[in-house]
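Here it is, the structure in full.
Coordinate-derived values only; no laboratory data. Everything numeric here is computed off the predicted structure, so don't read it as measured data. Note that each Cβ is placed from the backbone with ideal geometry, even for glycine, and that neighbours are counted across all protein chains shown.
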Amino acid sequence: MKLIFEKSVPGRRCAILPACDVPKVELPADLQRETAPLLPEMSETDVSRHYTELNQHVHGVNCGFYPLGSCTMKYNPRIDEEMASLPGFTGIHPLAPKGAVEGCEEVIETAKRYLCEITGMADMTFQPAAGAHGEFTGVLLIKQYHDSRNDKNRTKIIVPDSAHGTNPATAAMCGYQVVNIPSAPNGCVDLDALKAVLGPDTAGLMLTNPNTVGIFDENILEITRLVHEAGGLCYYDGANLNAVMGVVRPGDMGFDCVHLNLHKTFATPHGGGGPGAGAVGCKAFLAPFLPHSALMEEPGHIQVRGFRGNFLVVVRALAYLLTLGREGVPEAAQNAVLNANYLMACIKGTFTPAFDRICMHEFVLDLSEFKKATGVSALDVAKSLIDYGMHPPTMYFPLIVHEALMLEPTETESKETLDWAAEVFRALYELGYKDPAFMHAAPHNAQIGRPDEVKAARNPIVRYVKA
Amino acid sequence: MGSYVPSTQEQRQEMLQAIGLKDFRDLYRDVPESMYLDHPLDLPEGQSELEVSRALNGMARKNKVYDAVLRGAGAYDHYIPSIVKYIPAKEEFLTAYTPYQAEMSQGVLQSIFEYQTEICELTGMDVSNASVYDGATAAAEACAMARDRKRRLTLVSGAAHPDVINTIRTYSYGTNDEVKVIPVKNGKTDREALKAMLTPEVSAVYVQQPNFYGLFEDAETMAVPVHEAGALYILGVNPIALGIMKTPRDCGADIAVGEGQPLGLPIAYGGPYLGFMATTTKNMRKLPGRIVGETTDDNGNRAYVLSLQAREQHIRREKAGSNICSNEALCALTAGVYLAAMGPAGLKEVAESSMAKAHYLCRELMQLPGVKLRYEGPFFHEFLLDMPKADEILAALDQKGILGGLPYEGGVLWCATEKVSKEMLDEVVAIVKGVLA
Amino acid sequence: MTINPDLKYSKSHEWVRMDGDVAVIGISDFAQDALGDLVFVNLPQVGDDVTAGEAFGDVESVKAVSDLMSPVTGVVCEINEELLDAPENLNNDPYGAWIIKVENVTDTEELLDAAAYEAHCAAEA
């Protein structure tokens, strides 16, 4: 595909604005731009066709199966989009007077009430713009709590080795030393390993439950009790809440604060990498430490971004919550878990689950034996799936499983889709034994073959330069 | 009740049977009985699509949509071309995840590569990331990226947006680093005070251009002492102003950041917005966030990939400079479409027209008794006026469907964009005149 | 895999050669092979202190990053800037592509000779 700059024609443009109807004002010479920016010069037809062409080379969850583990790629309802594009929401200035924004505040308050109920928390902020941003906010709650008690010796955050990379990165951004603890053979927290590192220097623990291999940690109450006993706080990474919403609550598991990915669990679209929203909930004793906007609200609080957060994402999540309601929320979770277990059962006998037991909303396949036998790697299988029009699962994560493929079908896939997906996996398993070379070269029908990532990293070309 | 679960009750039973389970409770056998929810959530019953539409339309109607917005302060009401709303709403762009699988995501990757190029062009920088959350986090990330083992102190202009200053403070609180605010003199960063504050511990100086009061800073002259002190110079810029204003690169900036909302995104009660971030080749590997790079595929064809990933949290974990992964990709796409629809000429017109309207409004209001410009000096599309009966004026405008300037530090901070017609501005002046008469 | 018989090795796969009082440090062929195609090297600055057994920089491949451990304690007196533009030299010529030179060496980790290192690699492989 040509780049937009390669389609640009000097002097061409769209008709958007009227001529300026007030006298022009000159910028002082020393403030003026020296050369015009090289932006595309196009007609509206050119713009429309260019982006339509790009759009044809994108796979979204509303277009096909997308079992990307830990990303909860569920169907994104169109009504949620429509509600988020109402002028009564999009046209509201964040600093408009209180009387003019009652509807926005109602959206925020209602979503907050529902999500606090689902998580078992007392209060919530929507300021964080993504999951990692929510983690940052949540761990800053923990930090402020210890600081407020003048408890300065708590310098360590405990993170299991199966955690998402954002957990240790977040702890480091909050000035903490990261203590990685090994997982037990079943992927859950090793209680002895936890006890060994807990102490007066423990600030807190960051945990997902169900964890990153898709298993609910049955010792969860014991884990949070031990951390609290040591004087630390417990942070719930809500990446995997879709498995348990309406069934069991992080607050009841003993967690003190939690972030939710509204763009995963609550069906707001991911947009090819955002915007998301990382709502952060907390128990009442942490509520005074929640972030506020310096300009919109009272000063003297932490603040993780401007204004009140990704408001339109909250509108979408609220539309979703109103649709599902009290029965629909647990129904979604239960069917997410059912779909994962069903798909795992259908694949079993070919590729091997890393943990052969009932899983939650996702499961991990361990392809190390398959690779030994055929030479075909998890990467080769992933790339082969593309030829079937299926987005590959998460690859090589969690790090504790070798040759890992992590599948999360979500509740919005039908039995027919799961049966088809299982058939594709079975076919690829057989193909691995028959024609491994074909799989090494996959994908065969995609827009491009495998890209040379080494070349991209050694000689970075990160912008277009006119020849 | 609404639901997006497609499988029928019969199918659910079939599937349960296939995995050898009786009911849903069996799926949750690892959940201890003591915490398994034994009562329904305290949520209303699920609703049909029509009912949900009614409910949210009802909330939207409780907000007031103004005919004219003369308030900015970090959220700018520019005209959004129709095509800019339409393209990012396409189902594929909208519902894709981060482009981890390049073979299936060339459209997203190329759109980001084009966005990166446009941000480089606007700022004069060599490399841009794929976006961060908003202007405030872009500034905070830039301050974090400027630190090294020896230099940990950040200086922030007091004339920057209050939310930006507070966000920089919060990120620095995280890493236990110090932030000092450079005093403001006559509405601009006090250059003499800045010079006195430039000690060897200073890692970076953050200045906003134009600043929160709308004034143009002497951005270029400040670069000299900052660099002499061995610190990095970070400029936070308005991207519309960049249509006419000297680039951060030409002002000597090492890192350029800003709030991308004016590039085709609605004000939307504060978000989603778009943080842009660009720097020089020298600092490329310290830049946080996703970066798309160009390469070739195994047939030698041009291809785009997420590149330089070893900077990021999923590889570097606790040693990563930032934890960011999801950013604001769809907003970056929106900005890309906006910049393509406007082109260099259109962007220049938006900037010139916004500036002209703000100056017209300012001049007209200053004709009225008791109205004074608080700070002299060249300004872009915002200005702070001291005016009598400010509350009454704003209330009178509100009644006529006009959102007036923001009450701030005892004055009113006004903003005008190309979207407001001269006719409307004249009406505003007439209403203010009526109050002051 | 080759092992240069004239060099000493650390257990973390760096090699050391003493040029008079200056320790020249690189990574072994075994290390570069295990790391795969290297795409970037993060180097310390001249004048930085390094400590035996602690990281002085890191090397990046596309999907991983690995610390470079210093086998000696001392002060960095030279860095191989060529590697910033051509990290592939570490893959192509691991014993020619030195990474840093260290002076004022006050401490040295227990190092292996070529034979002992070969056995160490065999055990790890």
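For the pair C:D33 and C:K63, how long in nm is the line joining their label points, each one 7 Å along Cα→Cβ?
2.0 nm
Next up: What is the average number of partner chain Cβ atoms found within 10 Å of a Cβ in C:68-74?
0
Please arrange A:D435, A:D452, A:D192, B:D254 by counting, for each residue, the other beta carbons lying within 10 Å of its beta carbon, fewest first.
Taking fewest neighbouring Cβ atoms as first place, the list is A:D192, A:D435, A:D452, B:D254.
Take the residue pairs B:K188/B:K357; B:K64/B:K419; A:K98/A:K283; A:K74/B:K22; A:K466/B:K348; A:K24/B:K246 and return only those whose Cα atoms are more than 24 Å apart.
Table pairs above 24 Å Cα-Cα are A:K98/A:K283; A:K74/B:K22.
Hey, another quick one. So what's the angle, to the nearest 10 degrees on a 0 to 90 scale, between helix B:422-436 and the longest Cα principal axis of chain B?
70 degrees
Would you tell me the mean number of C-beta atoms belonging to other protein chains that fall within 10 Å of each C-beta in B:411-418, as a whole number? Walk me through the numbers before you get to the answer.
On the way: counts 0, 0, 1, 0, 1, 1, 0, 5.
Mean partner shielding for this stretch: 1.
Shifting gears a bit: Does segment B:9-56 classify as rounded, prolate or oblate by the C-alpha gyration tensor (a ≥ b ≥ c root eigenvalues; a/c under 1.5 gives rounded; else a/b over b/c gives prolate, otherwise oblate)?
oblate
For segment B:246-335, which chymotrypsin sites (Phe, Trp or Tyr not before Pro) are both in a DSSP coil and crowded by at most 11 other Cβ atoms within 10 Å?
Values: sites: B:Y269, B:Y273, B:F276, B:Y304; in loops: B:Y273.
Passing both the DSSP loop test and the Cβ count: no residue.
Tell me the net charge near A:I220. Cut-off is 10 Å between Cβ atoms, A:I220 excluded, with +1 for each Lys or Arg and -1 for each Asp or Glu.
Net local charge, A:I220 excluded: -4.
Quick one: check the C-alpha center-to-center distance for segment A:105-152 versus segment B:169-227, whole angstrom.
First find each Cα centre; the distance between them is then 31 Å.
So, one more: Could you list A:R458, B:R152 so that the one with the fewest beta carbons within 10 Å of its beta carbon is first and the one with the most is last?
Listed from fewest to most nearby Cβ atoms, that is B:R152, A:R458.
Go ahead and run the numbers for FRET between B:A345 and A:Q32, Cβ-Cβ distance against an R0 of 22 Å, rounding to 0.05.
Efficiency, from the Cβ-Cβ distance: 0.90.
Further question on the same structure: In units of 2.2 N^0.38 Å, what is the alpha-carbon radius of gyration of the protein assembly as shown? Show your work: numbers first, answer last.
Numbers: Rg = 28.7 Å, N = 1029, 2.2 N^0.38 = 30.7 Å.
Relative to the 2.2 N^0.38 Å estimate, the protein assembly as shown comes out at 0.93.
On a 0 to 90 degree scale, rounded to 10, what angle separates helix B:106-123 from the longest Cα axis of chain B?
Once rounded, the angle reads 10 degrees.
Over chain A, what relative contact order in percent results from Cα pairs under 8 Å that are six or more residues apart?
19 percent
Within segment B:303-327, which residues have the backbone N less than 17 Å from the label spot 7 Å out from A:Q177 along Cα→beta-carbon, could you tell me?
In segment B:303-327, the label zone of A:Q177 (backbone N under 17 Å from the point 7 Å along Cα→Cβ) covers B:318-319.
Please give, to one decimal in nm, the separation of the simple spin-label points placed at A:N459 and A:E297, each 7 Å out from Cα toward the Cβ.
Result for the modelled spin labels: 5.1 nm.
Turning to a different aspect of this structure: If you place +1 on the Cβ of every Lys and Arg and -1 on the Cβ of every Asp and Glu, how big does the dipole about the Cα centre of segment B:291-432 come out, in debye to the nearest 20?
Magnitude of the dipole: close to 300 debye.
Can you give the charge dipole size of segment A:4-55 about its Cα centre, rounded to the nearest 20 debye, using +1 on the beta carbon of Lys and Arg and -1 on the beta carbon of Asp and Glu?
On the way: 6 positive and 9 negative charges, 26 e Å.
Computed about the Cα centre, the dipole is about 120 debye.
What is the distance in Å between the Cα centroid of segment A:1-50 and that of segment A:270-342?
38 Å
Next question. Report the relative contact order of chain C, percent, no decimals, based on alpha-carbon pairs under 8 angstrom and at least 6 residues apart.
Worked out over chain C, it gives 32 percent.
What FRET efficiency, computed as 1/(1 + (r/R0)^6) with R0 = 35 Å and r the Cβ-Cβ distance, is obtained for A:L17 and B:E409, rounded to the nearest 0.05?
0.60
How far, in degrees from 0 to 90, does helix B:329-366 lean away from the longest principal axis of the Cα atoms of chain B, to the nearest 10?
30 degrees
To continue, here is another question. Counting Lys +1, Arg +1, Asp -1, Glu -1, what net charge surrounds B:L287 among other residues with beta carbon under 9 Å of its beta carbon?
Net charge in that neighbourhood comes out at +2.
Taking N as the number of residues in segment A:130-260, what value does Rg over Cα atoms divided by 2.2 N^0.38 Å take?
Details: Rg = 13.3 Å, N = 131, 2.2 N^0.38 = 14.0 Å.
For segment A:130-260, the normalised Cα radius of gyration comes out at 0.95.
Cα convex hull of chain A: how many Å³ per residue?
Taking only Cα atoms, chain A has a hull volume of 203 Å³ per residue.
Averaged across A:100-106, how many Cβ atoms of other chains sit within 10 Å of each residue's Cβ atom?
6
Moving on. Select from A:A422, A:Y433, A:P460 the residue farthest towards the positive end of the dipole of segment A:411-467; place +1 on Cβ of Lys and Arg, -1 on Cβ of Asp and Glu, and compute about the Cα centre.
A:P460
Any idea what the dipole of the protein assembly as shown comes to, in debye rounded to 20, about its Cα centre with Lys/Arg Cβ at +1 and Asp/Glu Cβ at -1?
Once rounded to the nearest 20, the dipole reads 2340 debye.
Could you compute the net charge surrounding A:E41? Neighbours are other residues with a C-beta less than 13 Å from the C-beta of A:E41; K and R count +1, D and E count -1.
0
Normalising by the residue count of segment B:261-396, find the relative contact order in percent from Cα pairs under 8 Å and 6+ residues apart. Don't jump to the answer; show the numbers that get you there.
Working: 119 pairs, mean separation 23.2, N = 136.
Contact order relative to length: 17 percent.
Hey, could you grab the Kirkwood Rh for chain B? Inverse mean 1/r over distinct alpha carbon pairs, Å, one decimal. Mind showing how you got there, number by number?
Values: mean 1/r = 0.0410 Å⁻¹.
Taking the inverse mean of 1/r over all distinct Cα pairs, chain B comes out at 24.4 Å.
Just to be sure I understand the model, the point goes 7 Å from the Cα along the line to the Cβ. What's the resulting A:E44 to C:E124 distance in nm?
The modelled label-to-label distance comes out at 6.4 nm.
Could you work out the helix-only [θ] at 222 nm for chain B, with each DSSP H run of four or more residues adding -39,500 (n - 2.57) and the total divided by the number of residues, to the nearest 500 deg cm²/dmol? Each step should come with its number before you reach the end.
Details: 14 runs with 164 residues, N = 437.
Helix contribution divided over all residues of chain B: -11500 deg cm²/dmol.
Given a Förster radius of 45 Å and the C-beta distance between C:E78 and B:H227 as r, what FRET efficiency does 1/(1 + (r/R0)^6) yield to the nearest 0.05?
Details: r = 26 Å, r/R0 = 0.59.
Result of the calculation: an efficiency of 0.95.
If the rule is a partner Cβ under 4.7 Å, which cysteines in chain A fail it?
A:C14, A:C20, A:C63, A:C71, A:C104, A:C116, A:C174, A:C188, A:C234, A:C346, A:C359
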